[in-house]
Amino acid sequence: MTSSFEALLPSTERALLHRVATAQAEGRAPSLVGAVARDGRLLWEGGRSCVDGHAPNADTQYRIGSITKPFTAVLVMRLRDEGLIDLADPLEKHLPGTGVGEVTVAQLLGHSAGLAAESPAPWWERTPGTLRPELADVLGEQPLLHPAGRRHHYSNTGYTLLGSLVEAVRGVTWEEALRAEILEPLGLGRTSTKPVAPHAGGWAVHPWADVMLPEPAEDLGLMASAGQLWSTAADLCRFASFLTEGDERVLSAETLREMGTPAVPPEAGDWNGGYGLGLQLVRWDTRTLVGHCGSLPGFLAGLWVSVEDGVAAVVLANATSGPPIGVVAGDLVRIVADAEPRIPEPWRPLAEVDPARLELTGPWYWGTYSYGLRVVADGGVELCPLGGQGRASRFRAEDNGTWTGLNGYYAGETLRVVRREDGSVSHLDLGSFVFTREPYEPRDAVPGGVDADGWRGL
């Protein structure tokens, strides 16, 4: 997709730089880099460092921690789309002998499998993966803490299992699958499992003094699929654009929309966030952002994209704690989207008109609720309440003459056009709800019938 934006306004660029500079200074990060993309094109990058004259840029590698998880989730969804697995499959079907085999692939993707958050001691992020050579070493003696499917409980061990699932089904290592199926097709040449110069070193900053300590950068072994990757702001902006638009060489936009749908309800009191199938979801001001945050000792990373605005932001820092990376990335999205809102494409009429579809447009009534049906640009139809109350949905045409709901209350439901013997339209049947041209039209099939005396006054 091409963008209408050649460059950001100087005022917007200054606001972005101010936000990045403030985050680095107040968060006491040795270095911090931010980048913003729109409609697949990198628009801005800016970095700050504690070393004079040596600021990072969008090509500097940082460790991205749990932003690795969306990459692993994409590999799993590719297996599903190829028919090699089903999301409802128990893990045991493809990866026997783990001891948690009844949990499903979908539950692992959405962190609802009930697995422990971390592997047994020692702290896996600061110790070599060779200490956990087998899945049993990762899972420990009590891998399940909650009933499967009942609640969201973030689990690094769950994504270790998903990486092993990819290896079992593909017959290659997780890293080989990642490179062949995602990194190479999307051109992510600066994303890797080990650091490649130029890259940042990881640091811990003392909480009560302005001094630093280097952090180890361990190979995570089996747990690589939960947090191993190194990447750059430029590569992650490209990956963020893929998450919004899809790429038929990797995953369709339809599958990515599925990944961005909440898998389980959020924890009580946390209604501004959620988790899909490998993607975190947050409500940011009036926007819904999709992406992921990550951390490993010495590094913080954040990636958010507003699908509606087509704006993605990435922020990377080489500090164990300090800058609120997720907040900063969300702010970068907001700065651009608010200051320079997307310019809509020119309106154009449809290339061709389907008379049968056109016949259905206009007002419809479910009981006394008024709705309007219109044909939309992609050839589907949209049913929206006219009085401000009711359920709106878009529908996709099927080969058998029916329509399938794509969103909202009617997602997955079937819309049928019911005709009279003379071929004229009697009513619409939407999941058994009857929509008529007039409220409680007597000659149409209104369930329960219509009073013979009709409408009346007091």
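The values are calculated or read from the model by the stated rules, or taken from the named source; none is laboratory data. Because the structure is a prediction, the values reported are computed rather than measured. For neighbour counting, all protein chains shown are included, and Cβ atoms are generated from backbone atoms with ideal geometry for every residue, glycine included.
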Under 7 Å between Cβ atoms, at least 6 apart or on separate chains: pull out the pairs that start in region 42-59 with a residue that is farther than 15 Å from ALA329 by Cβ and end on any residue that is of a type in the set (Asp, Glu) and outside any loop (DSSP other than H, G, I, E, B). ASN57/GLU45
What pairs come up if the first residue lies in region 333-344 and is part of a loop (DSSP other than H, G, I, E, B) and among the β-branched types (Val, Ile, Thr), the second is modelled with pLDDT under 95 and surrounded by 15 or more Cβ atoms within 10 Å (Cβ to Cβ), and their beta carbons are under 9 Å apart, counting only those six or more places apart or on different chains? ILE343/PHE5
Result of the Cβ filter at 7 Å on region 390-419, keeping first residues that are part of a loop (DSSP other than H, G, I, E, B) and partners that are of a type in the set (Val, Ile, Thr), at least 6 apart or interchain, is GLU398/THR404; THR402/THR414; GLY412/THR404
Scanning region 148-171 for residues that are among the hydrophobic types (A, V, I, L, M, F, W, C) and not in a loop (DSSP other than H, G, I, E, B), the one nearest to the chain's Cα centre (by Cα) turns out to be LEU162
From ALA319, ALA329, grab the single residue that is assigned to a loop (DSSP other than H, G, I, E, B) and of a type in the set (Gly, Ala, Ser). ALA319
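Kindly indicate whether any position in region 166-188 is closer than 26 Å to ARG28 by Cβ, in the same structural domain as GLU118 (by TED's automatic domain parsing) and surrounded by 15 or more Cβ atoms within 10 Å (Cβ to Cβ). Steps first, answer last, please.
We begin by selecting, within region 166-188, every residue closer than 26 Å to ARG28 by Cβ; these are none.
Within region 166-188 (the criterion being closer than 26 Å to ARG28 by Cβ, in the same structural domain as GLU118 (by TED's automatic domain parsing) and surrounded by 15 or more Cβ atoms within 10 Å (Cβ to Cβ)), the answer is no, since none of the residues qualifies.
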Conditions first: (1) over 21 Å from PHE239 (Cα atoms); (2) outside any strand (DSSP E or B); (3) more than 25 Å from the chain's Cα centre (by Cα). ARG48 passes all but one, so which condition is the exception? (2)
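Residue-by-condition table, conditions (1) within 30 Å of LEU213 (Cβ to Cβ); (2) outside the structural domain of GLY65 (by TED's automatic domain parsing):
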residue	(1), (2)
VAL307	no, no
VAL314	yes, no
PRO324	yes, no
THR361	no, yes
Filtered residues of region 255-275 (kept if part of a loop (DSSP other than H, G, I, E, B) and closer than 15 Å to ALA240 by Cβ): GLY260
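Could you name every one of the helices (runs of 4 or more DSSP H) located completely within region 75-147 that has at least 1 residues being out of contact with any helix residue (DSSP H, G or I) (no Cβ under 8 Å at 6 or more places or on another chain) and either hydroxyl-bearing (Ser, Thr, Tyr) or closer than 22 Å to THR261 by Cβ (or both)?
Details: elements: 91-94, 105-109, 135-139.
Result: 105-109.
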Modelled with pLDDT of 95 or more and either over 18 Å from GLY46 (Cα atoms) or of a type outside the set (Asp, Glu) (or both): which single residue out of VAL307, VAL315 fits that description? VAL315
Restricted to region 228-252, and to residues that are part of a helix (DSSP H, G or I) and either at pLDDT below 95 or of a type in the set (S, T, N, Q) (or both), which residue is surrounded by the most Cβ atoms within 10 Å (Cβ to Cβ)? THR244
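With the condition kept exactly as written, say whether any residue in region 386-400 is more than 34 Å from the chain's Cα centre (by Cα) and farther than 24 Å from THR255 by Cα.
Step one: list which residues in region 386-400 are more than 34 Å from the chain's Cα centre (by Cα), which gives none.
No, every residue in region 386-400 fails to be more than 34 Å from the chain's Cα centre (by Cα) and farther than 24 Å from THR255 by Cα.
Select from region 195-216 the residues that are in a loop (DSSP other than H, G, I, E, B) and more than 16 Å from ILE67 (Cβ to Cβ) and list them in ascending order. Working first, answer last.
Residues of region 195-216 in a loop (DSSP other than H, G, I, E, B): 195-198, 200-202, 206-211, 215-216.
Within region 195-216, VAL196, ALA197, PRO198, GLY201, HIS206, PRO207, TRP208, ALA209, ASP210, VAL211, GLU215, PRO216 meet the criteria.
Mind listing just one residue for me: the one in region 152-166 that is among the small types (Gly, Ala, Ser) and out of contact with any strand residue (DSSP E or B) (no Cβ under 7 Å at 6 or more places or on another chain) and, of those, nearest to THR261 (Cα to Cα)? Explain how you work it out, then say what you get.
Taking region 152-166 and keeping what is among the small types (Gly, Ala, Ser), we get 155, 158, 163-164.
Okay, now just the ones that are also out of contact with any strand residue (DSSP E or B) (no Cβ under 7 Å at 6 or more places or on another chain), so 163-164.
On the way: GLY163: 22, SER164: 24 Å.
Among residues in region 152-166 that are among the small types (Gly, Ala, Ser) and out of contact with any strand residue (DSSP E or B) (no Cβ under 7 Å at 6 or more places or on another chain), the one nearest to THR261 (Cα to Cα) is GLY163.
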(1) surrounded by fewer than 17 Cβ atoms within 10 Å (Cβ to Cβ); (2) among the acidic types (Asp, Glu); (3) under 26 Å from PRO185 (Cβ atoms): which one isn't true of ASP52, the others all being true? (3)
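Given THR157, THR173, which one is without any contact (Cβ under 8 Å) to a residue 24 or more places away in the chain and either farther than 27 Å from HIS54 by Cα or not basic (Lys, Arg) (or both)? Lay out the reasoning, then the answer.
On the way: THR157 fails: without any contact (Cβ under 8 Å) to a residue 24 or more places away in the chain.
Answer to the check: THR173.
Being surrounded by fewer than 23 Cβ atoms within 10 Å (Cβ to Cβ), part of a strand (DSSP E or B) and at pLDDT 95 or above is the filter here, so list the residues in region 283-304 that pass it. Lay out the reasoning, then the answer.
As a first pass, look at region 283-304 and keep what is surrounded by fewer than 23 Cβ atoms within 10 Å (Cβ to Cβ): 283-288, 293, 295, 297.
Filter again for part of a strand (DSSP E or B), leaving 283-284, 287-288, 293, 295.
Within region 283-304, CYS293, SER295 meet the criteria.
Take region 343-372 and flag every residue that is modelled with pLDDT of 90 or more and within 28 Å of ASP309 (Cβ to Cβ). Walk me through how you get there before you give the answer.
Step one: filter region 343-372 for residues modelled with pLDDT of 90 or more, giving 346, 358-372.
Result: PRO346, GLY372.
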Determine whether region 97-118 contains at least one residue that is at pLDDT below 95 and more than 18 Å from SER155 (Cβ to Cβ). yes
Tell me, which residue of region 375-413 that is in contact with an Asp or Glu (Cβ under 9 Å, 6 or more places away or on another chain), over 19 Å from PRO355 (Cα atoms) and among the small types (Gly, Ala, Ser) is surrounded by the fewest Cβ atoms within 10 Å (Cβ to Cβ)? ALA392
Which residue pairs have Cβ atoms closer than 7 Å, lie 6 or more positions apart in sequence or on different chains, and pair a first residue in region 9-36 that is more than 15 Å from ASN318 (Cβ to Cβ) and surrounded by 19 or more Cβ atoms within 10 Å (Cβ to Cβ) with a second residue that is at pLDDT below 95 and of a type in the set (Ser, Thr, Tyr)? none
